[in-house]
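Here the structure is laid out as structure tokens; the discussion comes afterwards.
The values are calculated or read from the model by the stated rules, or taken from the named source; none is laboratory data. In this text the structure is predicted, and so the values were computed from the model without any measurement. Here the Cβ positions follow ideal geometry from the backbone for every residue, glycine too, while neighbour counts run over all protein chains shown.
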Amino acid sequence: MAHDASTASAGAKPGAAATTVDPTTLAVLRRSLANVVNEMSATLAKVAFSPVISEGLDFAAALFDADGRLVVCGDHDLTGLLGTLEPTLELVREVFPGDELKEGDIVVCNSAHEAGNHLNDVRMVKPIYVDGRLIAFVADIGHWTDIGGAVPGSINPLARDTYAEGLRITPIKIVDGGVFRRDIVQMLLANVRLPHESNGDVWAQMRALDAGERRMLHLAERFGVAALVEVFGLMQDHAEAIFRAEIAAMRDGTVEFEDFIDEDPLDPERRPVKVHLKLTKDGERLTLDFSGSDPQPRGGIGSTRPLTQSGVYVAMLNLFHNIPFNHGFARNLEIVTTPGTVVHVSFPNPVSGCAAGGFEKVIACVLRCVGKLAPEKEVGATYNLINATLGGTDVRFDRPYVMYMWNEGGFGGGPDQDGGDAPTNAMYATGSRNQPIEVHERFFPVRVTQLEIACDSGGAGKWRGCPGIRHSYRITDGDAVIGVFGDRRRFKPWGVRGGGYGSGQTVWVNRGLAGERELGMAASDEPVKEGDLIEVWSSGGGGYGDPLTRDPELVVRDVRLGIVSLEAAREVYGVAVRPPEGPGGTPSEDVAGTARLRAGRSSNGSTEERT
């Protein structure tokens, strides 16, 4: 398969100029600009109707310079979404060049292949003018619970093209010169299952942009446009300087790693799909070449080019915590992809599961390759995002509903610490929250029956992976359909340096009951009935190091917390743990028993590292 490789290095560094902004003003404006975005985010969360946005915080907002280059994001916006916004600005400016974009405009789009990920993530962009001069853009993204298409929630593993996934919105003005386009909004709402909810989200996103514009105009009046524009560049240069200093500590060289999506759901043979990365570190620059990845799958598990870039950013920013996320960081990463592959799917290939498919494997490959060049950054793989939808008619109110949820899971262990004790949200959405049980039970006809840490789900190791969860709910009123888009059922989260695999992921209906069936990680429009029990099992992260070298006191603590079972403590960690004696008792170590178990033993075969 011959394709020209697409390369992104997000533009050249602007020419250096004498700095006229004093350090105090720079510090004030840096924080002020971040707070502009924070206010946009707060507005979006408080005005939105859907619990996905208002409670789950599945959204992002950001500020860009007049060339559409990222200046600053908020403190809690989702990095997985933010990384797709520069391509969004590029597309909007291409569709509305020059004077076609004017003061008072707001553009809406969700063009997945050119500017984003799946169609549910609807983006809006607003230019900011001062005295007729374009000085900046504000933009936001909100996950609409439903965007039309063949199935409730629009996340469809069996969609054969993107037309079946929902309404595709190419850039169009929803506000034109300050005039709200009711006809455009009516057309959008006529194509989704929850028009009342989506209408609230439309207004939330627009009001968030208005808030950003209002604060930016205030800063321009107070500090002057020239100072603002200069600070934009200084912030980008600052991020670049930190990034260069961080990667200087990495050794030069080229390393490779590949990971796999479990299967292409539309492939008759259900074959896995490979994502391959060759990472080259040369001085102060990194080249990430994904051109060895498999051709794009038939199902919607491949990653769009913008989302692949975002996956690289997410992984790097999680490994290098002190780098501000803006264009100054991004322009130092050369990302090479081949159109028509799993990391650069071409229109009209479906993409609704891209965040749980190709995107997650991009992150995994970056984590592993960076760990090979910088051992102090080496970590086990994380669990995989699971998108689960439930849709039907709520007989209590005689209206349609769509419940969309994502599940927490575990991060991998590292050189000096566990992946954690409490499951968290995926790297795609580390700024999001789990939606409260009370909200789900109020908004939807379900009753949550279980939400607890999954024992033995984290990969074993000297430093174990964080555990996953078991999340189950019963349908209380009426029949419905369920959809699942996830991964890591077959290719589980891997460990490093002898660390073990995480447990893997799946979804069950009526496990252990009449009508039991396992849906796995790819299901679409699966019928479920009133009274059925749905269970979502997420994985823990991969482990780090030989589990037989783990401190026995930590193993005893894990048993006490329900993270590790007595059996795994003995068989995997070689630690003899006495069960609690009587009410209120706690587990304790049998020191002599541990010594006998560990004497002469080698690492358990289940903890071999996959390289």
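The rows are residues; the columns are (1) at pLDDT 95 or above; (2) of a type in the set (Ser, Thr, Tyr); (3) over 18 Å from the mean Cα position of the chain (by Cα).
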| site | (1), (2), (3) |
| --- | --- |
| Ala248 | no, no, yes |
| Val255 | yes, no, yes |
| Glu258 | yes, no, yes |
| Glu263 | yes, no, yes |
| Thr280 | yes, yes, yes |
| Asp289 | yes, no, yes |
| Pro306 | yes, no, no |
| Phe320 | no, no, no |
task = Could you check region 432-538 for strands (runs of 3 or more DSSP E) lying wholly inside it with 3 or more residues that are under 30 Å from Leu44 (Cα atoms)?
result = 446-453, 469-475, 480-485
key: Verdict on Gly504 being without any contact (Cβ under 8 Å) to a residue 60 or more places away in the chain, within 28 Å of Gly371 (Cα to Cα) and not hydroxyl-bearing (Ser, Thr, Tyr)   = yes
remark   = Here the qualifying pairs (Cβ atoms under 8 Å; residues six or more apart or on different chains; first in region 508-530 and at negative phi; second part of a strand (DSSP E or B) and acidic (Asp, Glu)) come out as Trp508/Glu518; Trp508/Glu535; Val509/Glu518; Val509/Glu526; Val509/Glu535; Arg511/Glu518; Arg511/Glu535; Leu519/Glu526
query = Given the conditions (1) in a loop (DSSP other than H, G, I, E, B); (2) under 22 Å from Val138 (Cα atoms); (3) in contact with a Gly (Cβ under 6 Å, 6 or more places away or on another chain); (4) aliphatic (A, V, I, L, M), and given that Ala239 satisfies all but one, which numbered condition is not satisfied?
reply = (1)
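Are any residues in region 40-60 among the hydrophobic types (A, V, I, L, M, F, W, C) and within 15 Å of the chain's Cα centre (by Cα), and if so, which ones?
Hits for region 40-60 are Val52, Ile53, Leu57, Phe59, Ala60.
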Positions within region 136-173 being among the small types (Gly, Ala, Ser) and either crowded, with 21+ Cβ neighbours inside 10 Å or at positive phi (or both), in sequence order = Ala136, Ala139, Gly142, Gly148, Gly149, Gly153, Ser154, Ala159, Gly166
inquiry  = Just the residues that are under 11 Å from His113 (Cβ atoms), surrounded by 21 or more Cβ atoms within 10 Å (Cβ to Cβ) and out of contact with any His (no Cβ under 6 Å at 6 or more places or on another chain), please, taken from region 327-353.
reply    = His344, Val345, Asn349, Pro350
Members of region 138-173 found to be farther than 22 Å from Gln205 by Cα and either charged (D, E, K, R) or not assigned by TED's automatic domain parsing to the domain that holds Asn38 (or both), listed by number = Arg160, Asp161, Glu165
ask   = Checking Asp551 against (1) among the acidic types (Asp, Glu); (2) farther than 30 Å from Val448 by Cα; (3) in contact with a strand residue (DSSP E or B) (Cβ under 7 Å, 6 or more places away or on another chain), which single condition isn't satisfied?
value = (3)
key: helices (runs of 4 or more DSSP H) contained in region 545-611 and holding at least 3 residues charged (D, E, K, R) and either more than 30 Å from Glu256 (Cα to Cα) or at pLDDT below 95 (or both)   = 552-561, 566-571
key: Residue count, region 97-125 (criterion: more than 26 Å from the chain's Cα centre (by Cα) and among the acidic types (Asp, Glu))   = 4
ask   = Pick from region 369-410 the residues that are assigned to a strand (DSSP E or B), in contact with a helix residue (DSSP H, G or I) (Cβ under 8 Å, 6 or more places away or on another chain) and among the aliphatic types (A, V, I, L, M): which of them is nearest to Asp259 (Cα to Cα)?
value = Met405
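For region 531-579, enumerate the residues that are small (Gly, Ala, Ser), within 14 Å of Ala460 (Cβ to Cβ) and surrounded by fewer than 20 Cβ atoms within 10 Å (Cβ to Cβ).
Matches in region 531-579: Ser565 only.
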key: Extreme residue, nearest to Pro195 (Cα to Cα), among residues of region 37-56 that are surrounded by fewer than 24 Cβ atoms within 10 Å (Cβ to Cβ) and of a type in the set (A, V, I, L, M, F, W, C)   = Phe49
ask   = Restricting attention to region 248-255, does a residue exist that is in a loop (DSSP other than H, G, I, E, B), touching a helix residue (DSSP H, G or I) at 6+ places or on another chain (Cβ under 8 Å) and crowded, with 16+ Cβ neighbours inside 10 Å?
value = yes
query = Val28 passes all but one of (1) touching a residue at least 24 places away in the same chain (Cβ under 8 Å); (2) under 19 Å from Gly212 (Cα atoms); (3) not charged (D, E, K, R); which number fails?
reply = (1)
request  = Determine whether Leu288 is outside any helix (DSSP H, G or I) and in contact (Cβ under 8 Å) with a residue 12 or more places away in the chain.
outcome  = yes
ask   = Taking the condition small (Gly, Ala, Ser) and in contact with a strand residue (DSSP E or B) (Cβ under 8 Å, 6 or more places away or on another chain), does Ala514 pass?
value = no
ask   = Quick one: would you say Ala422 is more than 13 Å from the chain's Cα centre (by Cα) and either modelled with pLDDT under 95 or not assigned by TED's automatic domain parsing to the domain that holds Ile386 (or both)?
value = yes
Members of region 7-24 that are surrounded by 15 or more Cβ atoms within 10 Å (Cβ to Cβ) and modelled with pLDDT of 50 or more = Val21
query = Restricting the search to region 292-317, which residues are polar (S, T, N, Q), within 26 Å of Glu240 (Cα to Cα) and either touching a Phe, Trp or Tyr at 6+ places or on another chain (Cβ under 9 Å) or part of a loop (DSSP other than H, G, I, E, B) (or both)?
reply = Thr304, Thr308, Ser310
note = Note on Phe232: of the conditions (1) surrounded by fewer than 16 Cβ atoms within 10 Å (Cβ to Cβ); (2) assigned to a helix (DSSP H, G or I), unmet is (1)
ask   = Restricting attention to region 69-91, which residues are buried (at least 23 other Cβ atoms within 10 Å of the Cβ) and among the polar types (S, T, N, Q)?
value = Thr84, Thr88
ask   = Is at least one residue of region 174-184 assigned to a strand (DSSP E or B), surrounded by 17 or more Cβ atoms within 10 Å (Cβ to Cβ), outside the structural domain of Asp525 (by TED's automatic domain parsing) and hydrophobic (A, V, I, L, M, F, W, C)?
value = yes
ask   = Out of all the residues in region 409-416, is one or more within 24 Å of Arg251 (Cβ to Cβ), touching a Ser or Thr at 6+ places or on another chain (Cβ under 7 Å) and buried (at least 24 other Cβ atoms within 10 Å of the Cβ)?
value = yes
